[in-house]
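Below you'll find the structure, written out as structure tokens, and then a few comments.
Derivation of every value follows stated rules applied to the coordinates shown; laboratory data play no part. Note that the coordinates shown come from a computational prediction; the quantities given were computed from them, not determined experimentally. Glycine gets a Cβ as well: all are built from the backbone with ideal geometry, and neighbour counts include every protein chain shown.
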Amino acid sequence: MTKWTLAVVAAAALTAGCGSSASESTDPEANAPAAEAEGGVTGAAKKAAAAVGLPTYREITLPAGTTLPLELKTAVGSDTSSVEDTVRASLRRAITIDGRQVLPAGTEVVGAVTNAQKSGRVKGRAQVAFRFTSLTHGGDRYDIRTEAISRRAEATKGEDATKIAVGAGAGAALGAILGGGSGAAKGAAIGGAGGTGVVLATKGKEVHLGPGADVNTKLTAPLTVRVKVS
């Protein structure tokens, strides 16, 4: 073997040795656990975040049944809303767990109208219902599931009976003037029929909830949110 050949072999051996020692570096940051790397956060990244004062977060779960006290931001009404119309509201007060604030007051929630029925002329009371499907917190949007909020118009049976009675009384008085006792009876019947006609021609009350109205609903499924802890 020539001197030139020996020199080439020695150089190759030296290069291999250097490569082996580089791959087996004792730098703890270079040999971070694989699991930490897979999580997307290395030890170096953690140190860098701490150095620049970045916040840290943890996940907290609100259980199903948690009450959400809300203030409406949009108006809803039995005669003005349609199914699937957007409804917006915000938390009237913060939601806390074990003394820790999870959702601050003012957190926005968004949902939609699920039912809207106008008052009927003969029967059928007006009603409107809606529920919320999303929540925005810390720049993140979360899907939520809540109970429906429903409002129904008051019954008007008492008012209807009064209208019929007033009509009958007015008819009886007029009949008495015109024809005595028998006229009074006929007048009462005619007046009562007239009162009934007024009721049939008059629609019942509608349901309206304007911006600023206080409503409450509950989560029907757990909600997990990221909360800043430092």
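For the reader, a short list of remarks on this structure follows.
- Ranked by how many other Cβ atoms sit within 10 Å of their own Cβ, fewest first, the residues 103, 62 fall in the order 62, 103.
- Ranked list, fewest to most other Cβ atoms within 10 Å of each Cβ, for 151, 100: 100, 151
- Per-residue Cβ neighbour rank within 10 angstrom, fewest leading, 119, 81, 90: 90, 119, 81
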